[in-house]
Structure formats: structure tokens, C-alpha cells
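The values are calculated or read from the model by the stated rules, or taken from the named source; none is laboratory data. A quick note: this is a predicted structure, and the numbers were derived from the prediction, not measured. Note that each Cβ is placed from the backbone with ideal geometry, even for glycine, and that neighbours are counted across all protein chains shown.
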Amino acid sequence: MKQDTVTITDNSTGKSIECPVYRGTYGAPVVDIKRLGELGLFTYDSGYGATASCKSTITYLDGEKGELMFRGYPIEQLAEHSTFLEVSYLLIYGELPTPMQMNEFEAAIKHHSMVHEHLTRFYSGYRYDAHPMSMMVGVIGAMASYYHDMDIRCAEDRDITAKRIIAKMPNIASKCYKWGVGEAFVYPDNALGYVENFMNMMFAKPNEPYVFNPDAVKALDLIFILHADHEQNASTSTVRLAGSAGSNPYACIAAGIATLWGKAHGGANEAVIHMLNEIKDPANIPKFIARAKDKNDPFRLMGFGHRVYKNYDPRAKIIQEACHKVLESMGAAGHKPMFETAMELERIALNDEYFIERKLYPNVDFYSGIILSALGIPTRMFTVLFALARSAGWIAQWMEMMGDPEFRIGRPRQLYIGQAVRDYVPIEERKLR
């Protein structure tokens, strides 16, 4: 990386420091402000919107241009030509696999797809109506008790951990669903592909094999690819922060899942379906559009716009076509009013000047929520599937950090605005203020 410097001067003291400027492959230059403490100053950046917390080679996104790349490969190319397992390999190892490497990786994933039988008992500790994300947090965290003796400094141990995470997530996720509907758990079938195996564990019943729809399998694989990683978002930053303390990697992933559960993060596609159900009918859309434009109305159109993308979300462009294809092949039964509402809302938003001027385009959450609903996946499971896909990116980010000899435990600073120093007053002398 080419290095420059920026001079920072404290006008109150006249003292100055030289801060290195790092220029990456793409993106804005980054000022290294570690020496700022020499001036007795720290930076204030609420939400870390202008702070680079790490150096990474994994994912790059440009919000202004609407670009997303994994290891230098445009997401459009990966979506068209790759599979989720191949993308997982790419995220973890940095290069696309050769045929032999891919065969070995797939074999390793199948080998590690089972979970310890004792782990299945954890589900019985949850109420039948527990949110599946609460189960995911607990069960993934519990996996630390089965793999507590690994050495996070050992590259070989980190490698097998990555394979275990990717392999076991479909198994654990499907059990969250099965427990909620009161059906028997279905074990992994190594004769099936990764996505087919997950769908089989979700929907198959004893003596009732699951019949796969090719469009459904392809659409779900696409959703997994598009959600596999997304730079230093809230959940990924949480995984890195937990990992920086030397925590067990399964505990780090559980922390990421807990963060992803938030409605402002992974719960957005679930919120899309709730919104569509609230609108109910295409005829009601103008009323809700008017509410969305009213600054005094708390109603928001979910699935439109993005904090990072100031242009069209590139993932939305990719998934839009898959969404329409899935709806044509299997989406009408039982959900037709909701899907008609979604498509009409999409049409209006793409042609309404209010949305165009503000770049409030449909995002990936809008389309993925519709697809998952069409596939028969309950709304409460949406974020679970997001976690399943994002686990590939989380573990890749964790591995990259653990392999960096310069990484340190995360320790943000703060701007203290509380009380100044004051003396303790005995309770009998205190008065109401």
C-alpha cells in the first residue's frame, strides 16, 4: 500500500503530529490516527461510519457505485456462475478452488455435517414457540463446550473450525424449525448437495421424501451467495471484536448471530413480510406510500434503501430476476395477494420521483423475503437462513484476523459527558431534587 501522511495540529497548544495515510486497492484513503493520543485527543465517530476498524482482503463494497466484490470477484459473476459452497471456499482461502480442491472441500463439509447427539437435547430446553434465532444463539454457543480444547493460534485448528461451522449450520438451523413445528429431526443425507440437504432436513418427514423444485434450490443457493459476506457490518464487527479477545470461535459466531437478529440488521427481510401483510392488497398501496412520505408518520417502507448503498443494491438487481422466476413457478398458491402487493409496490417505487430522488430502491431484503416466503419458509426462520449464509463470511473474517500477527484486542474509546467529580452524601442528608 502506498503511504502518505496527514498533519494534525491542535490549535489550542500548537502541537502537531504526522499520521500515515494508507491507500488500499479501492476505496477512500485511511488515516492512521494511533498517535493522536500524543496530543491528548481521540476521535469521535458515532456508529463508526468513518472508521476503518481493520485491514481486510475479503470483501469490498462501493456504496456510491453500487459495487460488491468477494476477493476481487464481482458479485454478479459469482451469482451467475458459482455456488454457495464454492463462494465459501473463496472467502476462506482467498482463491477459487481447482476441481480437486472443491471435491475435497465438499467431502470435508459432508464429513462434518452431523452434530453431537447430545447437542440435540438443547432444543428441548426451549419453549415450542421460542424464536428460532434465540435457539441459534444458544445452540451455536453451546458448541463451544464440544470444541473447547482447540488452539485458535493453530492454522490447522482454525481450518477445521471453519469447515465445521459451514457444515453444521444447516443441521442446526433445520432443527430450530423442526422443534418449533413439533416434527422429528431429519439427519443429514450426504448423497445430497449442500442446499438440497438443508431443504431436506427442513421439510422432509419420516417415510415422506421431500421433492425438490430446481428453481427453489437455485434461488436459495443464490440467496446464500448474496448474503455470505458484506464487509464490516454490525454482526461481522461483533465477531471480530469477540475474536480479538481470544474467545472460542463458536462463541464469536453466536455473538454475530445475536447481533444479526436485530431488526435494523438481519431482521429486515422478516420486516418486509410483516409490512406486506399489513398493506394486504395492492389497492391499499397508495395510502401506505403517502404515509411513508409523511415525516410525522412513523410508518416506514421496509426493504427500500440501504445505509451503505447510495445507489441500487447490486444484490437486489441479481435477486430480482430470481424472485420473479420463483413466483412464476411456485409462488401463487396461498400467497397470491401478498406477492401481487409486493410486485405492485416494487413497480411504484421504481417509478415514483420521491423514491428515485432519494435512491430508495428495493434492496436485497425486499426480494429475499418474498422468495423465502414463496419457498414455504416461515417468516421467523428468515434471519436464521441469513445467519446460515453469513457464517461463511464470519468465519472467514475471524480466520483472517487470527492469522494477522498485528491484531490486538478491540478497545473503543468514548466521549464522557456525565457528571463531574463530586462527593458522596450520606443517605440521611440527601434531598429530592
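Taking the options L36, L96, name whichever one is assigned to a loop (DSSP other than H, G, I, E, B) and over 18 Å from the mean Cα position of the chain (by Cα).
L96
Take segment 177-189 and flag every residue that is surrounded by 19 or more Cβ atoms within 10 Å (Cβ to Cβ) and touching a strand residue (DSSP E or B) at 6+ places or on another chain (Cβ under 9 Å).
Answer for segment 177-189, where residues must be surrounded by 19 or more Cβ atoms within 10 Å (Cβ to Cβ) and touching a strand residue (DSSP E or B) at 6+ places or on another chain (Cβ under 9 Å): just V186.
Sort out which residues of segment 352-391 are within 17 Å of F288 (Cα to Cα), part of a helix (DSSP H, G or I) and among the charged types (D, E, K, R), and write them in order of number.
Of everything in segment 352-391, just one residue is within 17 Å of F288 (Cα to Cα), part of a helix (DSSP H, G or I) and among the charged types (D, E, K, R), namely E353.
Please tell me if Y177 is among the aromatic types (F, W, Y), within 19 Å of R390 (Cβ to Cβ) and assigned to a helix (DSSP H, G or I).
yes
If I go through segment 190-209 residue by residue, how many of them are free of Cβ contacts under 8 Å to residues at least 12 places away in the same chain and surrounded by fewer than 16 Cβ atoms within 10 Å (Cβ to Cβ)?
Going through segment 190-209 one residue at a time, the tally reaches 4.
Residues to consider are G125, G138, G94; find the one that is of a type outside the set (A, V, I, L, M), in the same structural domain as T236 (by TED's automatic domain parsing) and closer than 28 Å to N311 by Cα.
G94
Mind listing whichever residues of segment 248-277 are part of a helix (DSSP H, G or I) and either closer than 15 Å to I370 by Cβ or polar (S, T, N, Q) (or both)?
T259, A268, N269, E270, A271, V272, I273, H274, M275, L276, N277
Every residue in segment 180-203 that is of a type in the set (S, T, Y) and part of a helix (DSSP H, G or I), please.
Correct list: Y194 only.
Restricting the search to segment 44-54, which residues are in contact (Cβ under 8 Å) with a residue 12 or more places away in the chain and under 28 Å from P405 (Cβ atoms)?
Matches in segment 44-54: Y48, A52, S53, C54.
Of all residues in segment 204-230, which are among the charged types (D, E, K, R) and part of a loop (DSSP other than H, G, I, E, B)?
Listed by number, the list holds a single entry, D229.
In segment 399-421, how many residues are of a type in the set (D, E, K, R) and modelled with pLDDT of 95 or more?
Counting residues in segment 399-421 that are of a type in the set (D, E, K, R) and modelled with pLDDT of 95 or more gives 1.
All but one of (1) in a loop (DSSP other than H, G, I, E, B); (2) among the hydrophobic types (A, V, I, L, M, F, W, C); (3) closer than 30 Å to I318 by Cα hold for L90, so report the exception by its number.
For L90, the exception is condition (1).
Mind checking which residues of segment 293-319 are under 16 Å from the mean Cα position of the chain (by Cα) and closer than 14 Å to A349 by Cβ?
Those that are under 16 Å from the mean Cα position of the chain (by Cα) and closer than 14 Å to A349 by Cβ: G303, H306, D313, A316.
Among A79, A50, which is the only one that is among the aliphatic types (A, V, I, L, M), under 22 Å from Y309 (Cβ atoms) and part of a helix (DSSP H, G or I)?
Every option except A79 fails the conditions.
Could you list, in sequence order, all residues of segment 216-229 that are surrounded by fewer than 19 Cβ atoms within 10 Å (Cβ to Cβ) and touching a Lys or Arg at 6+ places or on another chain (Cβ under 9 Å)?
Listed by number, the list holds a single entry, K218.
For residues that are in a helix (DSSP H, G or I) and in contact (Cβ under 8 Å) with a residue 24 or more places away in the chain, tally how many sit in segment 392-433.
Looking only at that region, the number is 11.
Quick check: anything in segment 104-125 in a helix (DSSP H, G or I), more than 17 Å from the chain's Cα centre (by Cα), β-branched (V, I, T) and modelled with pLDDT under 95?
Yes, segment 104-125 has at least one match.
Which pairs do you get when a residue that is free of Cβ contacts under 8 Å to residues at least 12 places away in the same chain and at negative phi, found in segment 5-28, comes within reach of a residue that is in a loop (DSSP other than H, G, I, E, B) and not acidic (D, E), reach meaning Cβ atoms under 8 angstrom, with the pair 6+ apart or on two chains?
T9/K15
Can you tell me which residue among K15, K65 is basic (K, R), outside the structural domain of K317 (by TED's automatic domain parsing) and either within 27 Å of W394 (Cβ to Cβ) or crowded, with 16+ Cβ neighbours inside 10 Å (or both)?
When all the criteria are applied, what remains is K65.
If I filter segment 334-390 down to residues being polar (S, T, N, Q) and farther than 21 Å from L68 by Cβ, which single residue comes out as surrounded by the fewest Cβ atoms within 10 Å (Cβ to Cβ)?
That would be N351.
From A322, A349, A290, grab the single residue that is more than 28 Å from the chain's Cα centre (by Cα), in a helix (DSSP H, G or I), aliphatic (A, V, I, L, M) and in the same structural domain as A374 (by TED's automatic domain parsing).
After applying the criteria, what remains is A290.
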